[in-house]
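Peer 1: Handing you this structure, nothing more for now.
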Amino acid sequence: MLTLEELIELFRRNGRKMTPQRRAILALLTQSDAHPTAEQIYRQISATMPDVSRATVYNTLRELVTLGGLSETFEAGEGGLRYDVNAGVHHHLFCTRCHALVDVHHDFAELALPPEKTAGYQIERYQIIFYGLCPACQKSTGEIHVP
Ligand SMILES: [Zn+2]
Ligand SMILES: [Zn+2]
């Protein structure tokens with residue numbers, strides 16, 4: 001997982017400008033591993049920086065993914081893409097009730113797709129999502145635990 005300084009350095013090394021808005025986005029990403037959506041990031045940033053635009057947030061996230069400092073994780077809930085500051089190989093636990101997404105580090109060394117099933121794709125990586133109920137949601141009866 002990259003630190004704020006490493007993310008800023010990654011941007012600079014690739015000739016990107018560092019603005020206060022971008023810095024705030026990078027800081028937010030490194031403060032938690034909650035795998036936020038772009039919209040959640042936008043809402044949090046705009047609470048303290050009302051002049052930040054959605055386009056700035058979305059473009060910054062996209063550039064970070066391109067530079068390899070961030071990865072996108074698909075989540076099957078309505079949240080869509082979740083951003084992950086842990087760009088290394090890892091897997092996830094997903095709570096089907098509160099949509100919490102938690103990192104899992106486990107080496108599934110044996111997992112491989114037989115060549116005849118890759119549809120001609122050259123496979124680069126894989127990522128596994130385990131679906132279930134988080135501990136808080138198992139305990140709560142009706143209401144949704146907000147992570
Ligand atoms: Zn939950
Ligand atoms: Zn993750």
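The values are calculated or read from the model by the stated rules, or taken from the named source; none is laboratory data. Here the structure is a predicted model, which means the values were calculated and not measured. Neighbour counts run over all protein chains shown; Cβ positions are idealised from the backbone, glycine included.
Every residue, every condition in (1) in contact (Cβ under 8 Å) with a residue 12 or more places away in the chain; (2) in the same structural domain as E63 (by TED's automatic domain parsing); (3) within 9 Å of ligand 2 (Cβ to nearest atom), yes or no:
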position	(1), (2), (3)
L93	yes, no, no
L101	yes, no, yes
V104	yes, no, yes
L111	yes, no, no
E116	no, no, no
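Peer 1: Pick out the one residue from T37, T19 that is polar (S, T, N, Q) and within 16 Å of ligand 2 (Cβ to nearest atom).
Peer 2: It is T37.
Peer 1: Something else about it: Go through R97, R82 for me and flag whichever is more than 14 Å from ligand 2 (Cβ to nearest atom), closer than 18 Å to C134 by Cβ and not assigned by TED's automatic domain parsing to the domain that holds M18.
Peer 2: It is R97.
Peer 1: Moving on to the next point. Across the stretch 92-122, which residue is surrounded by the most Cβ atoms within 10 Å (Cβ to Cβ) among those that are acidic (D, E) and modelled with pLDDT under 90?
Peer 2: The first filter runs over the stretch 92-122 and keeps only residues acidic (D, E), leaving 103, 107, 110, 116.
Checking the rest, the ones that are also modelled with pLDDT under 90 come to 107, 110.
Numbers: D107: 9, E110: 5.
It comes out as D107.
Peer 1: Still on this structure, I have one more. Report yes if some residue within the stretch 67-80 is within 16 Å of ligand 1 (Cβ to nearest atom) and either on the phi > 0 side of the Ramachandran plot or in contact with a helix residue (DSSP H, G or I) (Cβ under 9 Å, 6 or more places away or on another chain) (or both); otherwise report no.
Peer 2: yes
Peer 1: Among the residues of the stretch 67-91 satisfying the criterion of being farther than 19 Å from R16 by Cα and of a type in the set (S, T, Y), which is modelled with the lowest pLDDT?
Peer 2: Restricting to residues being farther than 19 Å from R16 by Cα and of a type in the set (S, T, Y), the top hit is T73.
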